[in-house]
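**Student:** Here it is: the structure, laid out below.
Read-outs: derived from the displayed coordinates by stated rules, not from any lab. Worth saying up front: this structure is predicted, and the values here are computed from it rather than measured. Note that each Cβ is placed from the backbone with ideal geometry, even for glycine, and that neighbours are counted across all protein chains shown.
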Amino acid sequence: MVKILPSLLASDLTNLQTEINLLSEAGVEILHLDIMDGHFVPNLTYGLPVIKSIRKITNLELDAHLMVTNPQFYFKPLADLGVNYISFHQEAVSHLQRAVMEIKELGVKAGIALNPATPVETIKHVIADLDFVLLMSVNPGFGGQSFLPVVYEKLELLRDYKAKYNPGLIIEIDGGVTDKNSAELIENGVEMLVAGSYIFKKKPYIEQIQSLMKG
């Protein structure tokens, strides 16, 4: 079953309680959290105190995407806050498998995020240890960017790796996801679609969410 993950960074952050309630009423099961440090990517977003507040007001699953220079500093604090999925960029760590196992040992699903220009081949030897892979279809750091079609070629190879090495692997995609490309992405094996500006552009959010499911 394909899941739609609203990116809270695009929501009205001054009214998180209301926004999350509306998403929950629309059938959302997982919320996507963009954590940026202003160093690994040219933007700075919320950190642990905000995520702690989010967890207090919802039982929905939380998917944390770490766009930070030292992702391992966040693993345990995020796990302690009840985050369910953690992904990090492979360029930010020296030992991929060790970092993946640190997340899994905390009882959290572990993923690696790949920038548009980062080849899928670079994670071939850790695919079997991953719970999911997050393919970026825009360059990370800012919302509202246009989808980069190069991701379809990467999806093809990732599906091949999944079939060979890890049939349970979840494929997630983030960046420029709209009703114009969601159906094709789903057809190409994507199981978790992250969308921000497309979902939050108008209420009720259920209309945008359903349109992503249908494509």
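**Student:** Go through region 160-176 residue by residue and turn each phi into a ³J(HN,Hα) via Karplus (6.51, -1.76, 1.60, θ = phi - 60°); whole Hz please, and just put x for glycine and proline.
**Tutor:** Going residue by residue, I get 5, 4, 4, 5, 7, 10, 7, x, x, 4, 9, 9, 10, 9, 9, x, x Hz, with x marking Gly and Pro.
**Student:** Counting other C-beta atoms within 10 Å, and keeping those with at most 13, which DSSP coil trypsin sites (Lys or Arg not before Pro) do you find in region 146-211?
**Tutor:** K180, K201, K202
**Student:** Using Cα-Cα distances under 8 Å and only pairs 6 or more residues apart, what relative contact order does the chain have, in percent?
**Tutor:** Relative contact order here is 21 percent.
**Student:** What Kirkwood hydrodynamic radius do you get for region 1-49 when you take the inverse of the mean 1/r over all pairs of distinct Cα atoms, in Å?
**Tutor:** Over region 1-49, the inverse of the mean reciprocal pair distance is 12.1 Å.
**Student:** Using the structure shown, list the pairs from K3/K109; K109/K214; K109/K201 with a Cα-Cα distance above 18 Å, or answer none.
**Tutor:** Violating the 18 Å Cα-Cα cut-off are K109/K214; K109/K201.
**Student:** Any chance you could get the radius of gyration and Dmax over the Cα atoms of the chain, in Å?
**Tutor:** 15.9, 45
**Student:** Can you give the helix-only mean residue ellipticity at 222 nm for the chain, where every DSSP H stretch with n ≥ 4 adds -39500 (n - 2.57) and the sum goes over all residues, rounded to the nearest 500 deg cm²/dmol?
**Tutor:** Calculated mean residue ellipticity at 222 nm is -10000 deg cm²/dmol.
**Student:** Can you tell me which aspartates and glutamates have their Cα less than 15 Å from the Cα of K76? Leave out same-chain residues fewer than eight positions away.
**Tutor:** Partners found: D63, E102, E105.
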